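Step one of this worksheet: look at the structure below.
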Amino acid sequence: MRARYGVPLGITAVGAAGLLYSAGFEARSFRLRRVTIPALPAGMRPLRVLQVSDIHMVGGQRKKQRWLRSLAGLRPDFVINTGDNLSDPEGVPEVLDALGPLMEFPGAYVFGSNDYYGPKLRNPALYLLEKAQGRHGLNGNAPAVGAIHNPWEDLRDGFDTAGWLNLTNTRGTLKVEGVSVELTGLDDPHIKRDRYEQVSGGPSSAADFAMGVVHAPYLRVLDSYTADDYPLILAGHTHGGQLRIPFYGALVTNCDLDTDRARGLSTHTAEGRTSYLHVSAGCGTNRYTPFRFACPPEATLLTLVGRE
């Protein structure tokens with residue numbers, strides 16, 4: 001009997017241990033990454049930018065809320081929120097409370113699909129199938145039926161009241177100790193709400209520095225920002241793959257971005273120009289798949305310095 005059932009039972013035990021680790025420990029093992037990016041004009045003073053993304057707040061996530069509040073101790077020059085704050089229609093008050101100390105700093109935000117719509121239970125294997133077929137979100141898939149509508153207007157009003165810039169298919173400018181930072185944002189490409197034609201044309205000559213902000217790093221968006229000569233693009237959405245294979249990396253990005261750039265700093269080239277791209281792995285998970293493996297939840301402190 002041992003010879004017959006030992007291997008299957010062993011595999012089951014290892015699988016159960018992996019699930020326990022990825023949901024019980026790693027998904028709650030919040031950490032800060034620090035990245036230096038030489039994207040500013042030469043001679044410009046450094047800027048410290050805190051990027052938070054993919055919070056996917058569910059009621060009762062006290063540890064996540066405490067950790068987010070603690071990030072205010074970093075005292076960044078400004079904050080960029082790259083969307084997907086919700087995974088619970090009742091989560092808006094807890095998001096605003098957790099981000100309250102950060103909203104004391106200048107900031108800006110874009111929304112992701114999960115700010116607008118609640119998550120649905122789905123087979124995780126569909127992400128692999130969609131990748132193989134080149135279908136992601138509403139980009140090739142049929143429109144969602146019976147979607148839960150989140151109270152995103154309340155979230156928007158809370159951010160706006162705090163003075164954060166709403167970058168939904170528009171531009172905004174932050175003044176940081178005399179430095180003018182132009183931000184060009186898009187609504188979520190994952191559900192085809194991006195309207196780049198409304199913000200095209202590249203950075204204005206009046207800004208000291210400019211950057212693009214979007215939730216999902218679809219290639220059409222990265223191409224447009226890069227061709228318009230934005231030196232830096234910030235995005236989220238991918239969860240860094242969420243489940244990564246050690247020594248291999250992410251299996252999916254849930255968009256058409258390649259898995260080698262599923263998280264962290266990379267570059268993107270289009271029409272002979274190159275931009276820096278930073279993709280946050282985010283600090284949350286879909287409420288129905290609360291697992292992370294080899295991809296701990298994160299926020300990132302980006303130190304922007306002058307180009308050599």
For segment 213-228, enumerate the residues that are touching a Pro at 6+ places or on another chain (Cβ under 9 Å) and surrounded by 14 or more Cβ atoms within 10 Å (Cβ to Cβ). VAL214, HIS215, ALA216, PRO217, TYR218, VAL221, ASP228
LEU243 vs. criteria modelled with pLDDT under 95 and touching a Leu at 6+ places or on another chain (Cβ under 8 Å): yes
Does segment 112-132 include one or more residues that are on the phi > 0 side of the Ramachandran plot and surrounded by fewer than 15 Cβ atoms within 10 Å (Cβ to Cβ)? no
Looking only at segment 235-277, which residues are surrounded by 20 or more Cβ atoms within 10 Å (Cβ to Cβ) and basic (Lys, Arg)? ARG244, ARG261, ARG263
Only one of ASP84, ASP77, ASP54 is open to solvent by less than 10 Å² (accessible area, probe 1.4 Å), charged (D, E, K, R) and more than 20 Å from GLU153 (Cβ to Cβ). Can you tell me which? ASP54
Every residue from segment 223-252 that is closer than 22 Å to LEU301 by Cα and in a loop (DSSP other than H, G, I, E, B): TYR230, PRO231, GLY236, HIS237, THR238, GLN242
Of everything in segment 176-222, what is of a type in the set (Gly, Ala, Ser), touching a residue at least 12 places away in the same chain (Cβ under 8 Å) and either within 16 Å of LEU40 (Cα to Cα) or part of a loop (DSSP other than H, G, I, E, B) (or both)? Give them in sequence order. SER180, SER200, GLY201, GLY202, SER204, ALA206, ALA207, ALA210, GLY212, ALA216
Would a scan of segment 143-151 turn up a residue that is modelled with pLDDT of 95 or more, surrounded by fewer than 17 Cβ atoms within 10 Å (Cβ to Cβ) and small (Gly, Ala, Ser)? no
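The values are calculated or read from the model by the stated rules, or taken from the named source; none is laboratory data. Given the structure is predicted, the values throughout are model-derived calculations rather than measurements. Glycine gets a Cβ as well: all are built from the backbone with ideal geometry, and neighbour counts include every protein chain shown. Ligands, DNA and RNA are stripped out before the accessible areas are found, and what is left, the full protein with its side chains, is counted by its heavy atoms. Shrake-Rupley method; radii C 1.70, N 1.55, O 1.52, S 1.80 Å.
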